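Below: the structure, in structure tokens.
Values in this text are rule-based calculations from the coordinates and carry no lab data. Not measured: the values here are computed from a predicted model. For neighbour counting, all protein chains shown are included, and Cβ atoms are generated from backbone atoms with ideal geometry for every residue, glycine included.
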Amino acid sequence: MKFTDGQWLLQPGVTAHYASEAYTVEAQDDRIVILATSRPIKHRGDTLQGPTLTVVLSSPIEGVVRVSVEHYSHSTEARLHIPMVGAGKPAVQITETDTHMTLTSGAISVDVKKGEGWSLVFREGSRILTKSDWRSLGYIQWGAENGKRSNHVHEQLLLQVGESIYGLGERFTPWVKNGQVVENINKDGGTACEQAYKSVPFYLSSRGYGVLVNEAGPVSFEVASEKTTRVQFSREGESLDYCVFAGPTPKDVISRLTALTGRSPLPPAWTFGLWLTTSFTTQYDEATVTHFIDEMARRDMPLAVFHFDCFWMREFQWCDFEWNPKGFPEPEAMLARLRAKGLKISLWINPYIAQKSPLFPEAAAKGYLLKRPNGQTWQTDLWQPGMGIVDFTNPAATAWYQGHLRRLMGMGVDCFKTDFGERIPVEGVVYHDGSDPVEMHNLYALQYNEAVFKVMQEVRGDEAVVFARSTYASGQRFPVHWGGDCWSNFESMAESLRGGLSLTACGFAFWSHDIGGFEGKPPPALYKRWIQFGLMSSHSRLHGSSSYRVPWLVDEESCDVLRAFTRLKHRLMPYLFGVAHEATQTGVPVMRAMVIEHPQDPACVTLDRQYHLGSQLLVAPVFTESGEVDFYLPDQGGAWTHLLSGAKRAGGRWHQETHDFLSMPLYVAPGSVIPWGDTDVRPDYDFAHSVTLRVFELADGAAADFVVPALDGSIAARGRVVRAGSRYTATVSEGALTQWSLQVGEQRSSVLASGGSLSFDA
């Protein structure tokens with residue numbers, strides 16, 4: 001929200017009170033408490049009237065500074081914030097001079113200047129990260145000229161020369177957020193607009209720090225879009241809370257963020273395979289489903305999961321959690337037949353109960369749905385006619401909803417796609433626990449996904465997984481998240497990638513998208529290029545709106561492309577699942593923007609058409625029908641190797657290539673060891689058996705580490721490959737491999753049945 005009218009004026013009706021002086025600065029145990037006045041105090045008369053702000057500096061975890069700002073203290077008593085599941089009481093150091101007081105937590109410190117001239121300076125060692133200074137921290141009173149009287153608190157943090165800002169949730173706007181206005185509120189907008197299903201009030205700086213605005217309700221960001229050298233964030237109300245995260249690298253920032261707000265558990269290996277759905281409004285029944293699955297098998301296209309979208313239930317009755325008897329007369333028997341084919345089963349659900357659903361009168365009578373202030377059930381026709389919304393602040397309502405899911409899992413359902421969760425009213429609605437509806441709007445999706453994930457953990461244990469559309473900060477604890485409602489064109493394909501990279505920059509480890517686009521019918525070239533992109537993502541799902549997404553309905557070559565890239569992903573699973581396990585330990589996502597992996601390379605600062613899968617594999621999707629693609633390979637001290645062709649390319653420069661539909665820019669960093677699986681027919685197998693350690697451009701005298709995961713997420717084997725001239729030696733230092741081998745280029749060693757060391761000359 002913009003409060004100024006250019007450099008000199010305020011918006012009509014705005015009265016601004018800026019922190020002007022740190023009048024008192026006191027150390028209280030492990031925090032600094034500041035009384036900030038809105039004007040310099042020259043004499044006792046200046047202490048009368050006029051707002052003051054209480055600013056508290058503290059640390060929730062090491063390497064993070066928290067700043068809490070209050071105008072009226074009573075206004076914060078029942079406030080909702082982002083779950084900080086990792087918060088504790090880290091050791092902090094408070095030092096004082098005549099002019100400043102400093103709080104230090106690990107690598108980060110914040111200095112407050114005493115007296116006149118407001119100044120907070122955030123440092124990492126001697127390096128300044130950002131500042132709050134002249135007219136940065138403000139209390140804003142807005143008169144009736146904007147339609148209503150309102151109060152806001154804003155902060156403005158300095159942007160330095162050349163600094164770029166990323167993140168703020170799954171945003172489909174430009175990857176670099178400088179110059180953008182970002183409203184942090186979940187909305188059902190689709191990929192072609194500035195709205196987001198997954199808002200996250202966190203931004204990552206190219207200078208190696210991050211800022212989380214610790215607010216549940218709407219937050220408005222002006223990213224160099226009002227003051228060109230500042231990021232402003234503001235909320236309506238009497239207080240504001242934010243955290244600054246130290247680096248020095250983007251990976252360090254994300255690791256600290258997820259240490260505070262929670263990390264993703266490891267999705268089961270089968271979820272990394274190919275998902276096929278019925279699509280949204282298509283006509284389908286058991287015969288349709290069985291035909292799709294059998295045809296995929298006949299054409300040797302491995303399928304891991306089949307997903308039933310909305311119409312597994314009867315129309316007008318979402319959700320009643322009952323199979324439509326017209327299409328699925330014997331659901332349990334059908335599910336048993338599908339599972340016998342080696343498939344996992346996913347079902348679409350949402351948190352809305354239609355008026356026609358038999359569950360509606362029950363839920364309304366028991367108080368399980370959101371209510372109006374007069375006690376009536378809140379209803380709307382926007383989506384399902386007459387629908388109510390499950391109130392997850394009511395423990396009984398949550399248990400009731402979970403009971404229906406538990407029954408479905410008993411039938412043989414393995415997981416759920418949690419759709420919606422963002423069409424949540426902010427006015428005229430009452431929650432069971434009295435929560436503020438404005439602050440609950442974003443948190444609703446979090447509570448919804450948590451309720452589903454918890455019951456799945458109860459029933460399926462470590463196999464628990466949801467496919468979530470809407471979420472909020474800390475929602476990475478309930479994986480996986482998917483970016484839907486994209487259009488069937490190359491522009492939307494690129495938008496989807498920008499959204500995914502923006503989300504993963506906020507600590508979300510796993511992300512998927514609708515292969516081929518959701519709306520419309522993809523032309524053959526787009527479909528085949530999107531298959532490549534989708535299979536080289538952490539999770540891979542064929543899904544559409546009003547048309548099926550099975551490849552033979554596009555063309556026969558699409559079948560070849562889908563088969564090849566699905567099988568390629570299966571071969572890569574020992575590597576990808578290892579990266580996934582790493583993400584659960586560090587918070588660093590599987591799919592990551594180039595700047596996250598190469599923060600010192602200026603060419604990577606703005607790159608949004610390519611990404612890393614883990615640290616060793618670079619992917620550049622093809623966004624053209626012709627197959628032409630421009631991509632950049634960073635300087636890694638050696639040549640990059642194309643995974644499929646073996647071609648070598650120099651780092652530190654741009655390249656242009658043309659690829660057919662069975663290839664794309666897929667390059668391995670020099671000095672890498674990629675564990676290569678022994679099967680391409682499924683994603684979940686014994687990764688340590690018959691694995692080939694593929695070595696890429698390892699310099700003479702150099703060493704490279706490798707990790708091979710087990711299906712439960714533990715380490716099956718860990719070791720190192722060393723090169724001495726033409727001799728390559730792999731040594732297992734932890735765990736064990738069986739029937740394993742080494743490969744350098746096209747040369748492969750003999751197979752070692754067991755044992756911890758293997759050498760060969762290449």
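Using +1 at the C-beta of Lys and Arg and -1 at the C-beta of Asp and Glu, which of Trp487, Ile293, Gly578 has the Cα lying farthest in the positive direction of the dipole of the chain? Sorting the options by dipole projection puts first Gly578.
Using the Karplus relation 6.51 cos²θ - 1.76 cosθ + 1.60 with θ = phi - 60°, the per-residue 3J(HN,Hα) values for region 537-554 come to 10, 4, 10, 9, 9, 8, 7, x, 9, 9, 9, 5, 10, 5, x, 5, 7, 8 Hz, with x marking Gly and Pro.
Against the chain, whose longest principal axis is taken from its Cα atoms, helix 331-340 shows a tilt of about 60°.
The long axis of helix 286-298 is offset from the longest Cα principal axis of the chain by roughly 60 degrees. Qualifying GluC sites (Glu not before Pro) in region 418-517, where qualification requires a DSSP coil assignment and no more than 16 other C-beta atoms within 10 Å, comprise Glu427.
Taking a sphere under 12 Å around the Cβ of Gly210 and counting the other residues whose Cβ falls inside, with K and R at +1 and D and E at -1, yields a net charge of +1.
Can you classify region 471-511 as rounded, prolate or oblate using the Cα gyration tensor, where a ≥ b ≥ c are the square roots of its eigenvalues, rounded means a/c under 1.5, and otherwise it's prolate if a/b beats b/c and oblate if not? The shape class here is prolate. Region 680-705 and region 114-148 have Cα centres spaced 51 Å apart. As a proxy for reagent exposure, Lys417, Lys227 were ordered by neighbouring Cβ count within 10 angstrom, fewest first; the result is Lys227, Lys417. For region 417-424, backbone phi angles converted through the Karplus equation (6.51, -1.76, 1.60; θ = phi - 60°) give residue-by-residue couplings of 9, 8, 7, 6, x, 10, 8, 10 Hz, Gly and Pro being listed as x.
The helix-based estimate of mean residue ellipticity at 222 nm for the chain, built from -39,500 (n - 2.57) per DSSP H run of four or more residues and divided by its residue count, is -6000 deg cm²/dmol to the nearest 500. Distant-in-sequence amide contacts of Ala468, defined by a placed amide H-H separation under 5 Å and a gap of 5 or more residues or a different chain, comprise Thr418, Val480, His481, Trp482. Would you give the gap between the C-alpha center of region 289-329 and the C-alpha center of region 23-57, rounded to a whole Å? Cα centroid to Cα centroid, the span is 63 Å. Counting Lys and Arg as +1 and Asp and Glu as -1 over every other residue whose Cβ lies under 13 Å from the Cβ of Asp712, the net charge comes to -4. Over the Cα atoms of the chain, each weighted equally, I'd like the Debye log10 I(q)/I(0) at q = 0.07, 0.10, 0.11 Å⁻¹, rounded to two decimals. Here the Debye-derived log intensity ratios amount to -0.53, -1.05, -1.23.
How much of the calculated P(r) for region 575-632 lies past 19 Å, in percent of all Cα pairs? The answer is 35 percent, as a whole percent. With a/c under 1.5 counting as rounded, go ahead and sort region 36-194 into rounded, prolate or oblate using the C-alpha gyration tensor (a ≥ b ≥ c being the square roots of the eigenvalues; past the cut-off, prolate if a/b is larger than b/c, else oblate). In terms of gyration-tensor shape, oblate. Computed about the Cα centre, the dipole magnitude for the chain is approximately 500 debye when only Lys and Arg (+1) and Asp and Glu (-1) carry charge, each at its Cβ.
Of Ser626, Ser663, Ser205, the sequence from fewest to most neighbouring Cβ atoms within 10 angstrom is Ser626, Ser663, Ser205. Remark: Leu633, Leu693 ranked as Leu633, Leu693, counting other beta-carbon atoms within 10 Å and listing the fewest first. Against the empirical 2.2 N^0.38 Å (N residues), region 603-691 has a Cα radius of gyration ratio of 1.19. Taking the Cα atoms only, what angle lies between the long axis of helix 437-460 and the longest principal axis of the chain, rounded to 10 degrees? Roughly 30 degrees between the two axes. Pairs of Cα atoms in region 686-761 fall into 5 Å distance bins, from 0 up to the last occupied one, in shares of 4, 16, 31, 25, 15, 6, 2, 0 percent. Taken one residue at a time, the phi angles of region 360-372 give Karplus couplings (6.51, -1.76, 1.60, θ = phi - 60°) of 4, x, 5, 5, 5, 5, 8, x, 8, 10, 4, 10, 7 Hz. Gly and Pro are set to x.
Just so you know, the averaged projected area of the alpha carbon convex hull for region 269-586 sits at 15.6 nm².
Trypsin sites (Lys or Arg not before Pro), restricted to region 123-169: which are DSSP loop and have at most 14 other Cβ atoms within 10 Å? Filter output for region 123-169: Lys148, Arg149. Ala22 sits among other residues whose Cβ lies under 9 Å from its own Cβ, and their net charge, with Lys and Arg +1 and Asp and Glu -1, is 0. Database remark: amide H of Gly179 closer than 5 angstrom to the amide H of Val223, Ala224, Ser225 (H placed geometrically; neighbours at sequence offset of 5 or more, or on other chains; Pro and chain starts carry no H).
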